[in-house]
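For reference, the structure discussed in these notes is given below.
Each value in this text was obtained by applying a stated rule to the coordinates, not by laboratory testing. Because the structure is a prediction, the values reported are computed rather than measured. Cβ sites come from the backbone with ideal geometry, for glycine too, and all protein chains shown count toward neighbours.
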């Protein structure tokens, strides 16, 4: 920078002194050569200034890009934190689901638990609410009998099957669990047993 200032200052000095030569760094330089040197230094200065401008523009662009990336990074951090929170919620919901499944399994096992003493009903027609208390029952034929049983509500059968052990085969004895309402009708061709279930 000192060299540039010196080169720029010398022509003014020479013109003022009326001399066409000057000593620069121990060498005598003519005014024309000095003007050339000044022009070269001015060109170099201009190029340096252009390079500085380019670098400043690049730095400005990088700062803008950094700000954009910083906002994007902050969004990603927020999304990551939200995902962690959602992952924790999912884990809690899975634990609750597993607890509920265990409770359902327990309740399902308890539902079909049969009480000891059955209600014995002979063949014929009977009504819930009159002869038999309403409730939830497991139905099966009395030992040694096999026949048809119908249970109707408003004249429509919701149970219509053959109950009892077959004498000619080893097939399993049929049972049926149902819930009765007041006015439901039982028609049985054989004596049956109704086991209250919980």
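Given (1) more than 30 Å from residue 198 (Cβ to Cβ); (2) more than 24 Å from the chain's Cα centre (by Cα), identify the lone condition not met by residue 103.
(1)
Would you pick out the residues in region 175-184 that are at negative phi and surrounded by fewer than 17 Cβ atoms within 10 Å (Cβ to Cβ)?
If the condition is that a residue be at negative phi and surrounded by fewer than 17 Cβ atoms within 10 Å (Cβ to Cβ), then 175, 176, 177, 178, 179, 181, 182 are the ones that fit.
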